[in-house]
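Participant: Sharing a structure with you now.
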Amino acid sequence: QVQLVESGGGLVEPGGSLRLSCAASGFTLDYYAVAWFRQAPGKEREGISAILSADRSTYYADSVKGRFTISRDNAKNTVYLFMNKLKSEDTAIYYCARAAAEWVLPRREDECDTWGQGTQVTVAS
């Protein structure tokens with residue numbers, strides 16, 4: 001019933017851009033903060049960005065700050081991640097996740113209660 005589905009991943013050359021989408025179903029995304037995480041092979045899942053619903057407050061990890069932009073369209077029940085100036089180190093599976101409460105700007109896995117299946121982003125020349 002409650003589901004998040006990521007899309008938009010693919011192969012991108014270094015310095016390129018990509019937009020990821022996170023489509024929610026089974027619940028109203030308007031009532032929740034949403035975060036993006038990523039996990040590279042052999043590494044732990046890393047919280048990279050998050051956004052609240054009411055005032056669109058955002059969080060960015062230092063590793064992506066200035067390059068990535070998170071946004072949301074509550075009417076479409078969708079959250080986006082615009083990825084610019086991509087580097088090889090950005091290669092990972094990217095996941096979106098729903099926060100446990102609407103006032104939470106999640107930075108850790110345990111602050112989220114619902115996860116998408118992930119979409120692969122590969123940055124290579």
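Participant: If Arg98 meets every condition in (1) within 26 Å of Val123 (Cβ to Cβ); (2) in contact (Cβ under 8 Å) with a residue 60 or more places away in the chain; (3) crowded, with 17+ Cβ neighbours inside 10 Å; (4) of a type in the set (Lys, Arg) apart from one, which number is that one?
Facilitator: Against the list (1) within 26 Å of Val123 (Cβ to Cβ); (2) in contact (Cβ under 8 Å) with a residue 60 or more places away in the chain; (3) crowded, with 17+ Cβ neighbours inside 10 Å; (4) of a type in the set (Lys, Arg), Arg98 comes up short only on (1).
Participant: Also, I was wondering about something else. Within the set of pairs 6 or more residues apart or between chains, which connect a residue that is within 17 Å of Leu18 (Cβ to Cβ) inside the stretch 59-76 to a residue that is open to solvent by 50 Å² or more (accessible area, probe 1.4 Å) and of a type in the set (Ser, Thr, Tyr) with Cβ atoms less than 8 Å apart?
Facilitator: Once the first residue is within 17 Å of Leu18 (Cβ to Cβ) and sits in the stretch 59-76, its partners that are open to solvent by 50 Å² or more (accessible area, probe 1.4 Å) and of a type in the set (Ser, Thr, Tyr) give Ile70/Thr58.
Participant: Go through the stretch 27-48 and report how many residues are of a type outside the set (Phe, Trp, Tyr), closer than 18 Å to Ala101 by Cβ and touching a Ser or Thr at 6+ places or on another chain (Cβ under 9 Å).
Facilitator: Filtering the stretch 27-48 for residues of a type outside the set (Phe, Trp, Tyr) gives 28-30, 33-35, 38-48.
Next, from what is left, pick out any that are closer than 18 Å to Ala101 by Cβ: 28-30, 33-35, 47.
So of that shortlist, the ones also touching a Ser or Thr at 6+ places or on another chain (Cβ under 9 Å) come out as 29-30, 33-35.
Residues in the stretch 27-48 being of a type outside the set (Phe, Trp, Tyr), closer than 18 Å to Ala101 by Cβ and touching a Ser or Thr at 6+ places or on another chain (Cβ under 9 Å): 5 in total.
Participant: Additional query: Do we have Glu44 as of a type outside the set (A, V, I, L, M) and part of a loop (DSSP other than H, G, I, E, B) here? Quick ask: steps written out before the conclusion?
Facilitator: Details: of a type outside the set (A, V, I, L, M): yes; part of a loop (DSSP other than H, G, I, E, B): yes.
For Glu44, the condition - of a type outside the set (A, V, I, L, M) and part of a loop (DSSP other than H, G, I, E, B) - is met.
Participant: Take the conditions of a type outside the set (Ser, Thr, Tyr), open to solvent by 70 Å² or more (accessible area, probe 1.4 Å), assigned to a strand (DSSP E or B) and in contact with a strand residue (DSSP E or B) (Cβ under 7 Å, 6 or more places away or on another chain) and apply them to Phe37. Does it pass?
Facilitator: Working: of a type outside the set (Ser, Thr, Tyr): yes; open to solvent by 70 Å² or more (accessible area, probe 1.4 Å): no; assigned to a strand (DSSP E or B): yes; in contact with a strand residue (DSSP E or B) (Cβ under 7 Å, 6 or more places away or on another chain): yes.
Against the criterion (of a type outside the set (Ser, Thr, Tyr), open to solvent by 70 Å² or more (accessible area, probe 1.4 Å), assigned to a strand (DSSP E or B) and in contact with a strand residue (DSSP E or B) (Cβ under 7 Å, 6 or more places away or on another chain)), Phe37 does not qualify.
Participant: So which of Ala61, Ala35 is hydrophobic (A, V, I, L, M, F, W, C) and over 11 Å from the mean Cα position of the chain (by Cα)? Before you say what the answer is, go through the steps one by one.
Facilitator: Numbers: Ala35 fails: over 11 Å from the mean Cα position of the chain (by Cα).
Result of the check over Ala61, Ala35: Ala61.
Participant: Moving on. Collect the residues in the stretch 56-75 that are of a type outside the set (Gly, Ala, Ser), farther than 15 Å from Pro106 by Cα, at pLDDT below 95 and not in a strand (DSSP E or B), keeping them in residue-number order.
Facilitator: Hit for the stretch 56-75 is Asn74, nothing else.
Participant: If you scan the stretch 84-105, which residues turn out to be assigned to a loop (DSSP other than H, G, I, E, B) and either within 18 Å of Phe27 (Cα to Cα) or polar (S, T, N, Q) (or both)?
Facilitator: Here is the first cut: in the stretch 84-105, the ones assigned to a loop (DSSP other than H, G, I, E, B) are 84-87, 91, 100-105.
Within the stretch 84-105, Asn84, Thr91, Ala100, Ala101, Glu102, Trp103, Val104 meet the criteria.
The values are calculated or read from the model by the stated rules, or taken from the named source; none is laboratory data. Model, not experiment: these values are computed from the prediction. As a convention, Cβ positions derive from the backbone with ideal geometry for all residues, glycine included, and neighbour counts pool all protein chains shown. With ligands, DNA and RNA removed, areas are computed over all heavy atoms of the protein, side chains included. Shrake-Rupley method; radii C 1.70, N 1.55, O 1.52, S 1.80 Å.
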